[in-house]
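Below is one structure, written out as structure tokens, with a few remarks after it.
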Amino acid sequence: MDPMDTFISLSIGLTGFKRGALAPDDDTHDIKSLYLKTFVERVTQATVDDILLWYRLIDKQLLGNPPDREERVVTLLFADKPEYELPCRKLLFLWYAGAWPTVIDTPASTHGQTFSEVISADSYTQGLVWRVMQSHPMGSTTYNYGYWANPPPPLSAYLENPV
Amino acid sequence: MSIVTPSGGFDVVIVGSGIAGSIVAYQLGKAGKQVLIVEGGPPVPKSREEYLQTFFTSNAKTPESPYPPTIQGAVPATDDNPLGQPNPSSLNTPRYTVLQINAWQNRNISYFVYDAPQAGIAPDSPELTFAFGSSYERVAGGTTWHWLGTSLNNLPNDFQLKSRYGQGVDWPGGSQFFYRLLPYYRKATEVIGVSADKQAMVELYKTFNVEFSGEYGDNYGFPMPGIVESMNDVLYAQKVTTLKVDDIPLFVTPTPQGRNSRPGNRRQCAGNTNCIPICPIQAKYDGSVTLAQALQTGNVQILYKAVASNIRLNGNQVSGIDYITYDSQTGPSTGTGTVTAKRYVLAAHAIETPKLLLMSKNNPGWPNGVANSSGQVGRNLMDHVMYLAWGLAKDPIYAFRGPLSTAGIEAARDGAFRSQRAAYRIEIGNEGWNWATNDPNTTLSDFIFGQNNTQLNGDSLNQQSQPLRFDPTLPAFSKLFGTRLVNALNAIYVRQLRLGYLIEQLPDPDNRVQLSSLTDNLGLPRPAVTYRIRDDYVRNAFVSAKQVSTQIFNALGAKEYTQLPAAVQSSGDTVTPTTFEYKGDRFTFYGAGHIIGTYRMGTAPRDSVLNRRQQSWDHSNLYMVGSGVFPSTATANPTLTIAALALQAADNILHDLG
Ligand SMILES: Cc1cc2nc3c(=O)[nH]c(=O)nc-3n(C[C@H](O)[C@H](O)[C@H](O)COP(=O)(O)OP(=O)(O)OC[C@H]3O[C@@H](n4cnc5c(N)ncnc54)[C@H](O)[C@@H]3O)c2cc1C
Ligand code: SF4
């Protein structure tokens, strides 16, 4: 598997979205490349290489082909390599928010808070958070007047398909 | 841009090209008058894409985020300035922004200069001072770039609060003010191109005993049909009719809005859910629309990046306005000039207009500034102070879709209760907890990183003792990923509800804008602001709003998530900006963006700045427009009234010019 393939499998496990949504065949935005690059920049190449290596090792050992294969691998990855959980969660946040998070531990009462830095205009509009709410990015829609009076397409349509 | 002085000189100079200034310019230009606008900000960009891109890449998507000067990432981030906000002293046109509210005591961040609250002051003391809650823009077209578009009339009783309820002040002429303004209201809805359901408005105004004429008369239809209501609105409409506030039955009214329900001169609203901070397709009206019309008359010229800095007097007449030009926002000034005309109009909104009047203090015989023999300039600063409440509906209502608000509960805008407490209108939000908790980001980080800033992922109870943890089968502070994250987030976002109460505020002479000793990059003083909520009249409305929200959420079968604010701190590094205690409870107020009252109209020169023609009592060739002229906040969002009054002022000026 090339690193991008593994990166996408890892991202499927983390985000709960399907391959067709994260890495569509006709991928005009190619947001996955931006995110892999950002991941490397923020957590170092060595860490990313090691996370992807571990992902592949665990994946190989998994018997059968369960439909939630990627999520199972991520569960095992977090159990085997707890030090990789936080960087992977930051990657998860990146996919959803299009922004790289800084997690701080105050206030203690709420177990900390998160600030984030938007990577690009594209990453903002491609954020999965808009899709998990069955909507569109605030400030960018392809829907037409009045759509808001009716329910949106089912959640599965947003999880499976490209924007 | 070079200005060509007409052979007979300019008829009128206008300071500011927001909706108010642009309306006056357009009306006068259409009538063949020669007009010059002095605008402190940069011109409208060739494409709004420029502002939109800045918005997309902004980390904090506040109302000001798309517009220059940049409000974040301007300087390297530090611990006490994590967003890299610029120092207002380094900017040529600084303005107050929402991000500055939490930093209100930091003079390197907040443009407004505030004193610290009095030492040892009690959290429920009426003397407790606050950060002001509302912001504005300094670009061509003005603050309507980021307005929501709500376009309601005030009510006759809003104009006679004193004589009817013994509160605040009347507007000149009391309820007659309303009837005189009606034809202008009608014209204003046309200028803005309001979309509204006339029948719903007739029903509403009937409950306030408004006589049908003008806008509501038989022969009038709104420029466009009403905007389609959201699924959210329909739920409220079904459920609130079981409720009363102070004996007034509640019902939902679709909001008249300055956005296109049909394609017209501008595009049809596509529901980008981004009216604040910026409509990407200009389906929503903004001041640049009228500014363009004004310039197209061929009789209106404009100077950009020209900041009015002083008003000159000759005897008791204005004889010129001085301005300072600049090229880049942090660069040096590039020149100065003076413009002259027969009449002058100030339209720089309710902070910069009084500041300009107060700065102009070197005219012999006018040491307190221009138009200020009453001492009222800069006083009576007001806003609609907002109470926010939020919750989760039982079933999906699909938040974050459509315009940010398409309906409201208007029924409690007037009633006998007004002898005791302020009135409010209730805005129904379509944007989930975007305003309330900065969602979607806060819910997202709560469930990814095991935090609980939304109360959805912890152990707490709401104020009705219901457990707030979203999924009782999960432990508190859960960290989710994959399908479980998808399901939790989806179920939360699609149910998010938000109510906002726009509470009227009374004029208080000690709430004021003055000149501070600090300056901006052009050397002009930054405003010193003092702001309190002293009146029990206003505070009582917070008590009411809180109770009513709980009743509404109960009627909907929703669970309330409104957070109890953290305790008030009146000293130290983290002085609370907008929280107070009252009757044993604690409230946070928000700004509505409605900056009102700092150069008010009145019936006597002794206690007002302008007569009801919006003409200075002191200088008959000086007019002022904008919500600074309002004697009280009244109950409608201000801009339709600003527009109506600007149209009226233009008629008055035309009359004067002959
Ligand atoms: C978030 C938000 C939402 C809002 N939503 C609504 C709503 O739904 N409904 C509603 O009725 N109202 C709303 N408002 C209020 C509305 O935006 C204002 O009432 C309106 O824009 C005021 O118009 P104006 O022309 O008086 O001032 P502005 O639009 O502020 O224009 C003032 C102009 O003066 C210029 N200027 C300032 N200083 C100088 C100077 N020294 N020299 C030269 N030029 C200068 C500025 O650059 C600007 O162009 C909202 C406001 C905010 C902040
Ligand atoms: S909903 Fe969208 S298209 Fe409609 S006015 Fe608001 S931002 Fe513009």
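Any read-out appearing in this document is the output of simple, stated calculations on the displayed coordinates, not a laboratory observation. Because the structure is predicted, anything quoted here is derived from the model rather than measured. For neighbour counting, all protein chains shown are included, and Cβ atoms are generated from backbone atoms with ideal geometry for every residue, glycine included.
Each peptide in B:116-125, B:372-381 receives the mean, over its residues, of other Cβ atoms within 10 Å, and ordering these scores from highest gives B:372-381, B:116-125. For chain B, find the longest principal axis of its Cα atoms and tell me its angle to the long axis of helix B:482-493, 0 to 90°, nearest 10. With both axes taken from Cα atoms, the answer is about 60 degrees. Modelled spin labels at residue A:156 and residue B:585, positioned 7 Å past Cα toward Cβ, are 4.6 nm from each other.
With Cβ to Cβ distances under 14 Å as the rule, what net charge do the other residues near residue B:9 carry (K, R +1; D, E -1)? Provide the component values of the computation, followed by the final result.
Numbers: positive: B:33, B:342, B:343; negative: B:11.
Spelling it out: positives minus negatives among the neighbours equals +2.
I need A:138, B:601, B:382, A:4 ordered by Cβ neighbour count within 10 Å, fewest first.
Details: A:138 26, B:601 22, B:382 29, A:4 13.
Going from sparsest to densest Cβ surroundings: A:4, B:601, A:138, B:382.
Suppose R0 equals 25 Å. What FRET efficiency, 1/(1 + (r/R0)^6) with r the Cβ-Cβ distance, do residue A:109 and residue B:89 give to the nearest 0.05? Rounded to the nearest 0.05, the efficiency is 0.10. Can you tell me what share of the DSSP beta bridges in chain B is antiparallel? A percent to the nearest 5 is fine. Percent antiparallel among DSSP bridges in chain B is about 75.
Our coupling estimate for the range B:591-602, obtained by passing each phi through the Karplus curve with A = 6.51, B = -1.76, C = 1.60 and θ = phi - 60°, is x, 8, x, 10, 8, 9, x, 7, 8, 6, 7, x Hz, Gly and Pro reported as x.
When the protein assembly as shown is described by a simple charge dipole with +1 on each Lys and Arg Cβ and -1 on each Asp and Glu Cβ, the residue from B:351, A:125, A:67 located farthest towards its positive end is B:351.
With both labels modelled 7 Å from their Cα along Cα-to-Cβ, the residue B:163 to residue A:53 distance reads 8.6 nm. When you count the other C-beta atoms within 10 angstrom of each residue and take the mean per peptide, A:46-57, A:113-124, B:529-540 line up highest first as B:529-540, A:113-124, A:46-57. Counting Cβ atoms of other protein chains within 10 Å of each Cβ in B:147-159 and taking the mean gives 0. One Cα centroid belongs to the range B:352-386, the other to the range B:87-138; the line between them spans 19 Å.
About the Cα centre of the protein assembly as shown, how large is the charge dipole given +1 on each Lys and Arg Cβ and -1 on each Asp and Glu Cβ? Please answer in debye to the nearest 20. Can you show the working numbers first?
Values: 66 positive and 71 negative charges, 334 e Å.
Magnitude of the dipole: close to 1600 debye.
What is the mean number of Cβ atoms from other protein chains located within 10 Å of the Cβ atom of each residue in peptide A:119-125, rounded to a whole number? Could you put the intermediate results ahead of the total?
On the way: counts 1, 3, 7, 2, 2, 5, 1.
Whole-number average of other-chain Cβ neighbours for A:119-125 is 3.
Relative to the Cα centre, the charge distribution of the range B:412-469, modelled as +1 at Lys and Arg Cβ and -1 at Asp and Glu Cβ, gives a dipole magnitude of about 360 debye.
Its relative contact order, with pairs defined as Cα atoms under 8 Å and 6+ residues apart, puts the range B:578-617 at 21 percent. Distant-in-sequence amide contacts of residue B:301, defined by a placed amide H-H separation under 5 Å and a gap of 5 or more residues or a different chain, comprise B:35, B:36, B:37. For the range A:59-74 versus the range B:1-58, the inter-centroid distance based on Cα atoms is 63 Å. Axis of helix B:639-657 versus longest Cα principal axis of chain B: the two differ by about 10°, to the nearest ten degrees. Contact order, relative form, for the range B:416-511: 39 percent (alpha carbon pairs under 8 Å, 6 or more residues apart, mean separation divided by residue count).
Sort B:655, A:111, A:29, B:384 so that the residue with the fewest other Cβ atoms within 10 Å of its own Cβ comes first and the one with the most comes last.
Details: B:655 9, A:111 20, A:29 14, B:384 29.
Exposure proxy ranking, most exposed first: B:655, A:29, A:111, B:384.
With the simple spin-label model, which puts each label point 7 Å out from Cα in the Cβ direction, the residue B:460 to residue B:77 separation comes to 2.4 nm.
Using a/c under 1.5 as the rounded threshold, could you call the range A:62-158 rounded, prolate or oblate? The axes a ≥ b ≥ c are square roots of the C-alpha gyration tensor eigenvalues, and prolate needs a/b larger than b/c, oblate otherwise. Please report the intermediate quantities before stating the final value.
Numbers: a/c = 2.37, a/b = 1.32, b/c = 1.80.
Since a/c reaches 1.5 but b/c is at least a/b, the shape of the range A:62-158 is classed as oblate.
Among A:106, A:95, A:29, whose Cα lies farthest out toward the positive end of the dipole of the range A:19-139, if unit charges sit on the beta carbon of Lys, Arg (+1) and Asp, Glu (-1)? Farthest towards the positive pole: A:106. The mean number of Cβ atoms from other chains found within 10 Å of a Cβ in peptide A:82-93 is 2, as a whole number. Note on A:142, B:598, B:57: ascending count of other Cβ atoms within 10 Å places them as A:142, B:57, B:598, the fewest first.
One chain, two ends: residue A:44 and residue A:86. Fully extended at 0.36 nm per residue, the span grows by 13.8 nm beyond their Cα-Cα distance. Listed by chain and number, the aspartates and glutamates placed with their C-alpha closer than 14 angstrom to that of residue B:583 are B:124, B:535, B:536; residues fewer than eight positions away on the same chain are left out.
If you take the square roots of the eigenvalues of the alpha-carbon gyration tensor of the range B:53-95 and sort them as a ≥ b ≥ c, do you get rounded (a/c under 1.5), prolate (a/b over b/c) or oblate? The shape class here is oblate.
Within 10 Å, count the other beta carbons around each residue, average over each peptide in B:93-99, B:18-24, and list them highest first. If you can, show how the numbers build up before the last one.
On the way: B:93-99: 23.0, B:18-24: 32.1.
By packing density, highest mean first, the sequence is B:18-24, B:93-99.
Could you compute the net charge surrounding residue A:40? Neighbours are other residues with a C-beta less than 14 Å from the C-beta of residue A:40; K and R count +1, D and E count -1. Please list the in-between numbers first.
Working: positive: A:32, A:37, A:42, A:90; negative: A:41, A:49, A:50.
Once all neighbours under 14 Å are counted, the net charge is +1.
With only Lys, Arg, Asp and Glu charged, each at its Cβ (+1 for the first two, -1 for the last two), find how big the charge dipole of the range B:544-658 is about the Cα centre; round to the nearest 20 debye.
On the way: 8 positive and 8 negative charges, 50 e Å.
That gives the range B:544-658 a dipole magnitude of about 240 debye.
The length gained by stretching the chain between residue B:119 and residue B:265 to full extension, at 0.36 nm per residue less their Cα-Cα distance, is 46.9 nm.
With r as the distance between the Cβ atoms of residue A:26 and residue B:571 and R0 = 45 Å, compute the FRET efficiency 1/(1 + (r/R0)^6) and round to 0.05. It comes out at approximately 0.15.
With the cut-off at 19 Å, tell me which of the pairs B:244/B:546; A:90/B:479; B:46/B:284; B:33/B:342; B:61/B:355 have Cα atoms farther apart than that. Display every interim value, and only then the final one.
Numbers: B:244/B:546 14 Å; A:90/B:479 12 Å; B:46/B:284 17 Å; B:33/B:342 11 Å; B:61/B:355 28 Å.
Long pairs (Cα-Cα over 19 Å): B:61/B:355.
Net charge near residue B:517, counting Lys/Arg +1 and Asp/Glu -1 over other residues with Cβ under 11 Å of its Cβ? Neighbourhood net charge equals +2.
Where only DSSP H runs of four or more residues are counted, the protein assembly as shown gives -8500 deg cm²/dmol as its mean residue ellipticity at 222 nm, each run worth -39500 (n - 2.57). Taking amide H positions as modeled 1.01 Å from N, with prolines and chain starts lacking one, the residues under 5 Å from residue B:345 and 5 or more places away or on another chain are B:13, B:14, B:15, B:623. Look at the dipole of the protein assembly as shown built from charges on Cβ: of B:657, B:429, B:330, the Cα furthest out on the positive end belongs to B:657.
With a cut-off of 8 Å between alpha carbons and a minimum separation of six or more residues, what is the relative contact order of the range B:338-438 in percent? The value is 18 percent.
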